[in-house]
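All remarks here apply to the structure that follows.
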Amino acid sequence: MVAPPDNDVIWARSLQHSHNGSPALGGVSLGIRDGEILAVTGPRGSGKTTLLHCLSGQLVPEQGEVWFNSVPVHTMGPRLRERLRRDKFGWIAPEPQLVPELNTWENTALPLLLRGASHREARKAAMEWLERLDIGTCAKKRPHTLQQSQRQRIAVARALAAGPSVIFADEPTATLHRTDRTHVLRTLTSAARSHGITVVLATHDAEIAALADRVVPLLDGRRVSTVGLPAEADPEGRAACSLSV
């Protein structure tokens with residue numbers, strides 16, 4: 001087992017993983033620098049989500065190594081990996097994964113509350129990011145009363161409010177219309193720059209990938225030099241022309 005470079009916050013070597021016997025990753029290696037915004041690109045089915053799951057400790061690769069700040073994640077037990085995700089990582093999924101019994105600010109503050117933060121401290125942090133995402137007025141509403149775009153903003157606010165070292169964003173704006181997509185991406189990238197957060201962003205949209213510092217293209221579970229990506233169409237099927245953030 002070879003120790004990773006000191007300047008990489010996340011380092012992975014020769015990751016291999018399959019789902020039900022079907023290869024999802026075929027020997028992917030990469031390093032991610034502290035504070036970097038890295039886009040993992042490729043068409044649907046290229047292995048982007050599986051890679052993010054392995055890097056974040058949600059999956060243990062069948063072969064290969066994953067390191068976070070020179071600590072091996074792939075050898076951790078389930079409890080240590082869960083603690084790592086809770087304390088150091090934020091996650092944004094394509095669909096918001098909210099607790100229906102909790103209101104907006106409680107969902108946003110949940111990682112902080114689980115970490116042992118005071119009720120007052122957690123609520124203050126949650127409200128700061130909800131306001132920045134223009135959803136502070138919904139703080140006391142339950143998820144089922146909100147629109148899809150509002151629920152997704154809650155998911156983004158929750159990832160940011162916890163003050164993570166790394167945010168893994170798996171197609172975080174896939175279900176959003178163009179205006180909402182622009183606002184969410186602007187907030188996420190600005191927060192990463194100002195707070196020194198590393199972002200690993202999976203996307204199949206060339207315009208979103210262009211916001212990153214660096215791009216790692218995947219195709220059929222392997223790194224390639226380039227891969228053609230379309231510009232995203234909005235949820236009503238209109239083709240996107242440009243994204244300004």
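What to note about this one:
- Rounded to whole numbers, the Karplus 3J(HN,Hα) couplings from phi for region 108-118 are 5, 7, 3, x, 5, 5, 5, 7, x, 5, 5 Hz, using 6.51 cos²θ - 1.76 cosθ + 1.60 with θ = phi - 60°, and x at Gly and Pro.
- Highest-first arrangement of 166-172, 37-43, where packing means the average Cβ count within 10 Å: 166-172, 37-43
- Probing with 1.4 Å while keeping every protein chain in the model, the per residue accessible area of the chain equals 47 Å².
- For residue 141, the lysines whose Cα comes closer than 27 Å to its Cα, not counting residues fewer than 8 places off in the same chain, are 124.
- Ordering 127-140, 195-208, 16-29 by mean Cβ neighbour count within 10 Å, with the highest value first, yields 195-208, 127-140, 16-29.
- Region 14-48: trypsin sites (Lys or Arg not before Pro) falling in loop per DSSP and having at most 12 other Cβ within 10 Å: 44
- Net charge contributed by nearby residues that have their C-beta within less than 14 Å of residue 113 (K/R +1, D/E -1): +2
- Global geometry of region 94-194, whether rounded, prolate or oblate, following the gyration tensor of its Cα atoms and the 1.5 cut on a/c: oblate
- You can think of it this way: the chain between residue 179 and residue 95 has 28.5 nm of extra reach, that is 0.36 nm per residue less the Cα-Cα gap.
- Taking amide H positions as modeled 1.01 Å from N, with prolines and chain starts lacking one, the residues under 5 Å from residue 167 and 5 or more places away or on another chain are 90, 198, 199, 200.
- Using the Karplus relation 6.51 cos²θ - 1.76 cosθ + 1.60 with θ = phi - 60°, the per-residue 3J(HN,Hα) values for region 29-42 come to 10, 6, x, 10, 7, 4, x, 7, 9, 10, 9, 9, 10, x Hz, with x marking Gly and Pro.
- For the chain: rounded, prolate or oblate by the Cα gyration tensor [a/c cutoff 1.5]: oblate
- Cβ-Cβ FRET estimate between residue 20 and residue 83, R0 fixed at 25 Å, reported to 0.05: 0.30
- ³J(HN,Hα) computed for each position of region 51-65 - Karplus, 6.51 cos²θ - 1.76 cosθ + 1.60, integer Hz, glycine/proline x: 4, 4, 5, 5, 5, 8, x, 6, 10, 9, x, 5, 9, x, 10
- Cut-off under 5 Å, modelled amide H: who pairs with residue 27 long-range: 15, 16, 17
The values are calculated or read from the model by the stated rules, or taken from the named source; none is laboratory data. This structure is a prediction, so every number in the text was calculated from the model and none was measured. Glycine gets a Cβ as well: all are built from the backbone with ideal geometry, and neighbour counts include every protein chain shown. When the accessible area is computed, the model is the full protein with side chains, heavy atoms only, and any ligands, DNA or RNA have been set aside. Shrake-Rupley method; radii C 1.70, N 1.55, O 1.52, S 1.80 Å.
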